[in-house]
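The next block holds one structure in the form of structure tokens; read it before the comments.
The values are calculated or read from the model by the stated rules, or taken from the named source; none is laboratory data. Just so it is clear, the model here is predicted, and its values are computed rather than measured. Here Cβ is always computed from backbone atoms with ideal geometry, including for glycine, and neighbour counts include all displayed protein chains. Accessible surface areas use protein heavy atoms only, side chains included; no ligands, DNA or RNA. Shrake-Rupley method; radii C 1.70, N 1.55, O 1.52, S 1.80 Å.
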Amino acid sequence: MDRSKKQSLYDRAVRLLTSVKLCLVLFSFLALAAAAGSLLPQGEEGSFYLAHYGDLFGRLIVLLGLDRVYRSGWFILAGGLLFLNLLACTVRRTAFAAQQFRGPGQSRLVRFTRLGSPVLHAGLLVLAVGIFLGAVYGKSLSCRVPEGEAADLTPAGFPFDLRVDRFAVEYYPDFQPKQYRTELTVVENGQEVYGKTIAVNDPLHYRGVKVYQASYGWVLEGTIEEDGRVRPYRVFDRNGLTLDKAEEFLAKMYFFPDYAVREDGHPYLKTPLPANPKLVYLVFRGRDLIATGVLAPGEKVALREGLVLNFTRYRYFTGLQVKRDPGLPFVWSGFGMVLLGLALRYIQRMSPGRRF
Amino acid sequence: MLALEQNLYSLAFAAYFLAAVLFLLQLWIRRDALPGFGFLLTAAAFLLHTAALAVRTAAAGRLPFSSFYEFLVLFAWGSALVFLFMFRRYRIAAAGVLILPLIIGILGYASLLSKDIQPLLPALQSFWLQLHVLTAIFAYGAFAVSFALAVLYLVSEGNREAASGGGPGEEPQKSAGSGHSPAGRAAGNQNPVGDKERPDRGKGLFAWLLPAPPVLDRLIYGTAAFGFTFLTLVIVTGAVWAEEVWGRWWGWDPKETWALTTWLIYLFYLHAHLSLGWRGRRGAWLACLGFAAVLFTLIGVTYLLPGLHSY
Ligand code: HEM
């Protein structure tokens, strides 16, 4: 009695898991959820939704997790269910295909192509394993490194450090960017072991880690003299810099590699090349703009009694994306199997002597 | 160069337009020669279209795969190609009634956009991107034809239902394991059911132009499955490219997300068709829904949901 009840429960679970209806429900659900996630802004603060969608809908969006669809429990749950569904179907269909494979068939080719559907479905399982491994064991880090400096990756758990030897931008004749390149040296236990110039679309691969060209910009350096004391500063282009100990004055720093002034007095960039490099600073006290000015490298300015801003040098920084994804081989194999499966199905349909 | 290209487009556009007129005339005038001429004109337009693309390729020194304008022109090209192939093989003249106006609409819309040849941004300089776009042309072209066939099915279906007194084209599916029908074979030769079901040629808007519903249904399925295979390739090549450029093969960028949504809709359609025997009307509606997602991916996402994709 007890046993038969268990049996039937098990049967029912199997029937549910191997049912095509379940996968149709999941496909629709995932399609709707994916679409919703692209239509609603993702990852904002709760107050953002209240402000933009009204009290009721704003609350509902946050409550249902529609503000971060792709990381929400229900989305992942649906994906997990699809995985089980797929697993059950694949096992069943592989058994079926194996039977057919052994059974009386025509040519070897036709028999072989019958594996198309199982290979295709199994490929998705492999893909799912890859996604899982990437999500759990993957690591990624982005950093901005000035030319000539090092990026310490080992503290973040990567097996090596990097040194940025040079960064360069290549332009088309009309100054549209053509390519960004960074010359990198891999340093392992203090030893230089490998070097490569990376570019967009051409990352560095080393010991399972990939390093990408992600962004770039300028770093501005100099000193601040306050009441006789000198301290160095370093700031990224278009960022703010606190000028004094009391944190009363803040300078926003803008770098113009090729500074020029329009007729209406506004500065602009003639070219992106450092032909006439200038630092444009805006000094704020609280919210009030109290001073602006332009400095060339080597120049300095007294912002008030006993407070001097000194601009000494500028250089490129390169933005690197460093990552390790142990799931990747599974992802590519999964994709490969899906494509192979689809191809086999086409060959199957085209093969002679096959009537449906 | 650009002038030559534009002249070729104008000629192609005119030829597509005339072809559309011929196909549309079929609605009122029944001459067996009409679709033949429509086909020839479409083929001529397609050659001019191809020549224009070749000129642009020569002028740019690369394949014309990088702006929204270029992609729309390619989308129209792919639709024409799949249509020509379908016409040669299955003689579905009526599809021209929809596909040609669609091509004209896409080309007309494209003509409003900036046609400048832009230098390739660093992120776009990739072999995988070229495969990505190439496969997208075929996927979207096939979905467009599938959509046209589905609309024809839905429009003409009322008459058929009256004539045959039942769900048109509904066929019980035997076992889920027994393969399924290749669209072509059934369409080409035997189809006893279809002939019996074919209503009086006098009835209905498209009736005399269309094959029997089960045949049409299989053609919708065949083109959708073909498009699906290519959409899978689009997604895979896109993933490889994204991994090389941004270091993530998937990132929920709106374009990616909508490609996935489209893929899931067609996946639903394929499984419902193969395993649950969803034929006829329901399948046709799904093919329409899938194409709506294609258009949204292409146009809606481009304007409404800015992301990393330049188009
Ligand atoms: C993300 C998940 C899935 C994908 C991408 C997928 C993909 C496909 C594709 C492309 C086909 C062949 C269509 C054709 O050749 O025209 C197919 C057929 C089929 N699938 Fe799936 N499938 C998935 C999940 C499932 C699940 C969960 C089940 C079981 C409930 C299932 C059962 C079947 C069956 C029974 C067929 C038709 C028989 C055959 O062609 O062998 N699939 N699937």
Worksheet item: Could you say whether any residue in region A:187-203 is aromatic (Phe, Trp, Tyr) and within 14 Å of another protein chain (Cβ to nearest Cβ)?
Response: no
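Give, as residue ranges, the helices (runs of 4 or more DSSP H) completely inside region A:1-100 that count at least 3 residues that are over 30 Å from A:Arg345 (Cβ atoms) and either among the aromatic types (Phe, Trp, Tyr) or more than 14 Å from chain B (Cβ to nearest Cβ) (or both). So that I can check it myself, show each step before the final result.
Numbers: elements: A:2-17, A:20-39, A:46-63.
Output list reads A:2-17, A:46-63.
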Worksheet item: Residue check, B:Leu289 against (1) within 11 Å of chain A (Cβ to nearest Cβ); (2) open to solvent by less than 40 Å² (accessible area, probe 1.4 Å), all met but one. Which one?
Response: (2)
Worksheet item: Any residue at all in region A:208-216 that is at pLDDT 95 or above and open to solvent by 30 Å² or more (accessible area, probe 1.4 Å)?
Response: no
Discussion item. Please go through (1) open to solvent by 30 Å² or more (accessible area, probe 1.4 Å); (2) away from every other protein chain (no Cβ under 14 Å); (3) among the aliphatic types (A, V, I, L, M); (4) farther than 28 Å from A:Thr197 by Cα for A:Leu273 and return the number of the only condition it doesn't satisfy.
Written reply: (4)
Worksheet item: Looking only at region B:3-48, which residues are of a type outside the set (A, V, I, L, M, F, W, C) and at pLDDT 95 or above?
Response: B:Tyr16, B:Thr42
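Yes/no per residue for (1) under 21 Å from A:Asp325 (Cα atoms); (2) polar (S, T, N, Q); (3) open to solvent by 50 Å² or more (accessible area, probe 1.4 Å):
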position	(1), (2), (3)
A:Phe160	yes, no, no
A:Val164	no, no, no
A:Ala168	no, no, no
A:Lys178	no, no, yes
A:Arg181	no, no, yes
A:Gly190	no, no, yes
A:Tyr194	yes, no, yes
A:Leu204	yes, no, no
Item to complete: Please indicate, with yes or no, whether at least one residue in region A:195-202 is on the phi > 0 side of the Ramachandran plot, touching a helix residue (DSSP H, G or I) at 6+ places or on another chain (Cβ under 6 Å) and outside any strand (DSSP E or B).
Response: yes
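Name the residues in region B:230-253 that are open to solvent by less than 20 Å² (accessible area, probe 1.4 Å), in contact (Cβ under 8 Å) with a residue 12 or more places away in the chain and part of a helix (DSSP H, G or I), would you? Spell out how you get there, then give the answer.
In the first step, residues of region B:230-253 are kept if they are open to solvent by less than 20 Å² (accessible area, probe 1.4 Å); the result is B:231-232, B:234, B:236-239, B:241-243, B:245, B:247, B:253.
Restricting the remaining residues to those that are in contact (Cβ under 8 Å) with a residue 12 or more places away in the chain gives B:231-232, B:234, B:237-238, B:241-242, B:245, B:253.
B:Leu231, B:Thr232, B:Val234, B:Thr237, B:Gly238, B:Trp241, B:Ala242, B:Val245, listed by residue number.
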Worksheet item: Got a sec? Which of B:Thr261, B:Thr237, B:Thr257, B:Thr232 is β-branched (Val, Ile, Thr), within 9 Å of another protein chain (Cβ to nearest Cβ) and closer than 17 Å to A:Gly341 by Cα?
Response: B:Thr232
Practice prompt. Read through the list (1) surrounded by fewer than 13 Cβ atoms within 10 Å (Cβ to Cβ); (2) within 15 Å of the ligand (Cβ to nearest atom), then give the number of the only condition that A:Leu56 fails.
Written response: (2)
Worksheet item: Which residue, of B:Ala148, B:Ala187, is modelled with pLDDT under 50 and within 21 Å of the chain's Cα centre (by Cα)?
Response: B:Ala187
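Could you go through region B:77-87 and let me know if any residue there is more than 14 Å from every other protein chain (Cβ to nearest Cβ), farther than 22 Å from B:Leu298 by Cα and surrounded by 23 or more Cβ atoms within 10 Å (Cβ to Cβ). Explain how you work it out, then say what you get.
Start the filter on region B:77-87 by keeping residues that are more than 14 Å from every other protein chain (Cβ to nearest Cβ), which leaves B:77-87.
After this cut, where a residue has to be farther than 22 Å from B:Leu298 by Cα as well, the list is B:84-87.
Among the residues that remain, those that are also surrounded by 23 or more Cβ atoms within 10 Å (Cβ to Cβ) are: B:86.
There is at least one residue in region B:77-87 that is more than 14 Å from every other protein chain (Cβ to nearest Cβ), farther than 22 Å from B:Leu298 by Cα and surrounded by 23 or more Cβ atoms within 10 Å (Cβ to Cβ).
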Worksheet item: Taking region B:111-135 as the region of interest, how many residues are closer than 24 Å to B:Gly238 by Cβ and in a helix (DSSP H, G or I)?
Response: 12
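Out of region A:307-325, which residues are within 14 Å of another protein chain (Cβ to nearest Cβ) and open to solvent by 10 Å² or more (accessible area, probe 1.4 Å)?
So in region A:307-325, the residues within 14 Å of another protein chain (Cβ to nearest Cβ) come out as A:318-325.
Within region A:307-325, A:Gln321, A:Lys323, A:Arg324, A:Asp325 qualify.
Counting only residues that are open to solvent by 60 Å² or more (accessible area, probe 1.4 Å) and of a type outside the set (Ser, Thr, Tyr), how many does region A:130-154 have? Let's see the steps before the verdict.
Taking region A:130-154 and keeping what is open to solvent by 60 Å² or more (accessible area, probe 1.4 Å), we get A:131-132, A:135-137, A:139-140, A:142, A:144, A:150, A:152, A:154.
Narrowing the set further to residues that are of a type outside the set (Ser, Thr, Tyr) leaves A:131-132, A:135-136, A:139, A:144, A:150, A:152.
Residues meeting the conditions: 8.
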Worksheet item: Is one or more of the residues making up region B:275-285 in a helix (DSSP H, G or I) and within 16 Å of the ligand (Cβ to nearest atom)?
Response: yes
